[in-house]
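The values are calculated or read from the model by the stated rules, or taken from the named source; none is laboratory data. The shown structure was predicted, so the numbers you read here are calculated from the model rather than taken from an experiment. For neighbour counting, all protein chains shown are included, and Cβ atoms are generated from backbone atoms with ideal geometry for every residue, glycine included.
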């Protein structure tokens, strides 16, 4: 069992779980969205780690280079990053509207206001 | 050496994530998440994913940070509640993590050239994309030619996200931002006193925009393409808005124009597909666009990257406008 062989995957899992923890324990909506971002980024790291080939180089064809890393995960993640920020923006817009209506971003206070209606 | 850099960066990432979890001041958390993205981008470079690193650096450290900051600018800057049931959450997280780590035991080692992921379709992309598509950058070939359908889908998702944000926050309020400011008696921008910043930014903006155009049109040969160029172009605009005010930026390009440009990009992308069908090929089969398949591919990729670039640019700026137009609303 070589530690270097799986270190990337483990850190990706650690980051994913940190994001998960942030999402489920923190009541602040913005903090939750940042936690969700941590979660997404950990998936990106996992995919890019899978694409790496030992001794390979960036997948741009150049004379004299034989080994390239796998370009397919790069494509998937490249688009996922931009889609990710677009969906985060939708989440933030919803948070702004919630703040307008309730005057707070804390989940507990929002729930209390809902109950008192 | 590469392994040491890799492990150091990953460890820093873990520490940053822990700090994000612990800190209550949202401003610090947002700055940390910017640092986190920058570390991620460096990590992607060491793992040969230059295109991805490019995008992450522009999106994560640039646009996401600015959007988060404008949100806390319009709401509140501190988390007031303590973590809820932290021990139970920790238990759940540890259990899930342990199962996932158990799952990695069967995975091929990091960088193993014989891993299943490198056996299926990837060798064809690496060996034949240059003859079939003619672009040096394999990522660009896959993004815009082999998997053009996916990219069309992603572009539509981004367009839809832009529509949703504008729909949620309101188009009219955004357009009337200047009137509201004048009504409130705010005619001068608070940044006007920072003379050095203003002049430096004036010098920087043309360079940023020029670089974005280079990234857009050089995507065939080096790292780059529509997604990155759109984001970089948008950050040039956001830079301008931060310094000279939203009102001035909206006079450069109005929200209405931006919404037309966003739709135009998606239409351009879809239109190329229709054009190829009318010329006798399949949807998004660029071979038929010109007499020579390679020239056809070149033209097709150029056009759809342009479509992606304009959509990404205008949606990002539109979202930013929507967020910053909230600032004057509550006062």
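Things to note:
- Any chance residue B:2 is surrounded by fewer than 16 Cβ atoms within 10 Å (Cβ to Cβ), under 24 Å from residue A:57 (Cβ atoms) and more than 8 Å from chain A (Cβ to nearest Cβ): yes
- In region B:86-111, the residues that are in a loop (DSSP other than H, G, I, E, B) and within 7 Å of chain A (Cβ to nearest Cβ): B:107, B:109, B:110, B:111
- Selected residue (criterion: surrounded by the fewest Cβ atoms within 10 Å (Cβ to Cβ)) from residues of region B:126-138 that are assigned to a helix (DSSP H, G or I) and modelled with pLDDT under 90: B:131
One line per residue, one yes/no per condition, for (1) within 22 Å of residue A:61 (Cα to Cα); (2) free of Cβ contacts under 8 Å to residues at least 24 places away in the same chain; (3) within 14 Å of another protein chain (Cβ to nearest Cβ):
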{"residue": "B:200", "(1), (2), (3)": "no, yes, no"}
{"residue": "B:219", "(1), (2), (3)": "yes, no, yes"}
{"residue": "B:223", "(1), (2), (3)": "yes, no, yes"}
{"residue": "B:228", "(1), (2), (3)": "yes, no, yes"}
{"residue": "B:232", "(1), (2), (3)": "no, no, yes"}
{"residue": "B:245", "(1), (2), (3)": "no, no, no"}
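- Of all the residues in region B:152-202, those that are under 30 Å from residue B:283 (Cα atoms) and not in a helix (DSSP H, G or I) number 0.
- Count of residues meeting criterion [free of Cβ contacts under 8 Å to residues at least 40 places away in the same chain and more than 7 Å from chain B (Cβ to nearest Cβ)] in region A:87-102: 3
- Selection count, region A:26-36, where residues are within 7 Å of chain B (Cβ to nearest Cβ) and crowded, with 23+ Cβ neighbours inside 10 Å: 5
Residue by residue, here is whether (1) touching a residue at least 40 places away in the same chain (Cβ under 8 Å); (2) within 27 Å of the chain's Cα centre (by Cα); (3) not assigned by TED's automatic domain parsing to the domain that holds residue B:312 holds:
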| position | (1), (2), (3) |
| --- | --- |
| B:17 | no, yes, yes |
| B:26 | yes, yes, yes |
| B:43 | no, yes, yes |
| B:50 | yes, yes, yes |
| B:73 | yes, yes, yes |
| B:88 | no, no, yes |
| B:100 | no, no, yes |
| B:117 | no, yes, yes |
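- Residue A:75 facing chain B (nearest Cβ under 7 Å), closer than 18 Å to residue B:56 by Cβ and modelled with pLDDT under 90: no
- Filter result for residue A:84 (surrounded by fewer than 21 Cβ atoms within 10 Å (Cβ to Cβ) and more than 7 Å from chain B (Cβ to nearest Cβ)): no
- First in region B:184-195 and in the same structural domain as residue B:245 (by TED's automatic domain parsing) and within 14 Å of residue B:240 (Cβ to Cβ), second anywhere and in a loop (DSSP other than H, G, I, E, B) and at pLDDT 70 or above, Cβ under 8 Å, 6 or more apart: B:189/B:245; B:191/B:245
- Complete set of residues in region A:7-25 that are surrounded by fewer than 22 Cβ atoms within 10 Å (Cβ to Cβ) and more than 7 Å from chain B (Cβ to nearest Cβ): A:23
- Meets criteria (in the same structural domain as residue B:31 (by TED's automatic domain parsing), under 32 Å from the mean Cα position of the chain (by Cα) and either within 23 Å of residue B:6 (Cα to Cα) or surrounded by 15 or more Cβ atoms within 10 Å (Cβ to Cβ) (or both)) for residue B:81: yes
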